[in-house]
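To keep things clear, I will list the structure first and then write my remarks on it.
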Amino acid sequence: MDKGKTGRYFKYAIGEIILVVIGILIALQINNWNERKKEEQILNGIYSIIVEDLKSDIDELNGMLKTKKDFEPYFKKVMNDEMTKEDYKECPNCVYMALSYRTLTIEKRGYNLLENFGNTSSLRNDSLSLKITHFYSNQLTRLHTGDSATEKLVNSTLELWQKYNWFSGFVSGNNLDGFIDYTLNNPEYKNTASLYYLMHYTGTIKGLDSFIENATSMIHLIDKRLDKK
C-alpha cells in the first residue's frame, strides 16, 4: 500500500471515528434531554398535588378561623365581666370555648413527594422547589409550636376543672348549670379564658393567617410555573 493510500485510509478511519463519537454524544444529549423532560413532567405533577394540598389546607384553616372569630366577642365579655346566662342561650357552644382545640392536620402528600424527588433528581435545586421547601419548613414549625401550646393549655384546664362537682355534668352535657354559674361568678374562669384569649387571639390566629397568606402566594407561584408548560 503506497503512502498516499495509507494517508487517505487513516484520514477516513479518523473521520469515521469522529462521526461515531459525535453520534454517541448526540445520542447522549438526546437521552439526557428526554430524561430531563420526564423529570420536569414528574415535578410538575408534584407541583399540581401541592396546589391541591394547599387549597385543602386553606379551606380547613379558614373554618378554624371562623370558629375562633365567632367566639371572640364572648371571650371579651368574659374578660370584661359582661357575660350572662342569656349569652349562653344565644351561643350554646360558648360553654366549650375555653377548650376549643382541634389538632392541625396539614396535607403533606405533595411536600413528601417533593422531598423524595429531590433526593434523586437533577432538578433538586429548582428555584420553585427550594421556595416550597422553605415555606413548609417555616410554616409547619410555627403551626406545630402553637398547636402543642394549645394542647397543653386545654389539658391543664381540664385538670383544673375536674375537681369541681359540676365537672361530670359538663362533660356529659346533661347538666351545664353548675359550669355556667362557675363561669359567671368565679374569677378563676376569667383568668383561664384570658390566658386562652392571649394565646389564640394574639398568637395562634396570626399563625393561621400567616399560613393562609403564604400558601395563597405559593399557589400563585406554582400556577404561574405550570401555565408556562
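The values are calculated or read from the model by the stated rules, or taken from the named source; none is laboratory data. None of the values given here were measured: they were computed from a predicted structure. With ideal geometry, Cβ positions are generated from the backbone for all residues, glycine too; neighbour counts draw on all protein chains shown.
Details
- Pairs meeting the criteria (first residue in segment 53-69 and over 20 Å from Arg109 (Cβ atoms) and free of Cβ contacts under 8 Å to residues at least 40 places away in the same chain, second residue hydroxyl-bearing (Ser, Thr, Tyr) and surrounded by fewer than 14 Cβ atoms within 10 Å (Cβ to Cβ), beta carbons under 7 Å, at least 6 apart or on different chains) are lacking.
- Any hit, segment 146-156, residues being surrounded by fewer than 16 Cβ atoms within 10 Å (Cβ to Cβ) and of a type in the set (Val, Ile, Thr): yes
- When the residues of segment 35-52 are filtered to those that are among the acidic types (Asp, Glu) and over 14 Å from Tyr111 (Cα atoms), the one that is surrounded by the fewest Cβ atoms within 10 Å (Cβ to Cβ) is Glu35.
- Leading residue by the ranking (farthest from Lys69 (Cα to Cα)) among those in segment 183-198 that are touching a residue at least 12 places away in the same chain (Cβ under 8 Å) and surrounded by fewer than 18 Cβ atoms within 10 Å (Cβ to Cβ): Glu188
- Residues that are at pLDDT below 90, closer than 30 Å to Asp177 by Cα and touching a His at 6+ places or on another chain (Cβ under 9 Å) are absent from segment 44-64.
- Residues that are surrounded by fewer than 19 Cβ atoms within 10 Å (Cβ to Cβ), in contact (Cβ under 8 Å) with a residue 12 or more places away in the chain and within 18 Å of Tyr197 (Cα to Cα), drawn from segment 94-111: Val95, Leu99, Ser100, Tyr101, Arg102, Thr103
- Single unsatisfied condition, Glu82 versus (1) free of Cβ contacts under 8 Å to residues at least 24 places away in the same chain; (2) surrounded by 18 or more Cβ atoms within 10 Å (Cβ to Cβ); (3) of a type outside the set (Val, Ile, Thr): (2)
Let's see how each residue does on (1) of a type in the set (S, T, N, Q); (2) touching a residue at least 24 places away in the same chain (Cβ under 8 Å); (3) surrounded by 13 or more Cβ atoms within 10 Å (Cβ to Cβ):
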site: Asn165; (1), (2), (3): yes, no, no
site: Ser168; (1), (2), (3): yes, no, no
site: His200; (1), (2), (3): no, yes, yes
site: Thr204; (1), (2), (3): yes, yes, yes
site: Ser210; (1), (2), (3): yes, yes, yes
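- Contact map, segment 139-151: first residue under 17 Å from Leu54 (Cα atoms), second residue part of a helix (DSSP H, G or I) and among the aromatic types (Phe, Trp, Tyr), Cβ cut-off under 7 Å, separation 6 or more or different chains; pairs are Gln139/Phe211; Leu143/Phe211.
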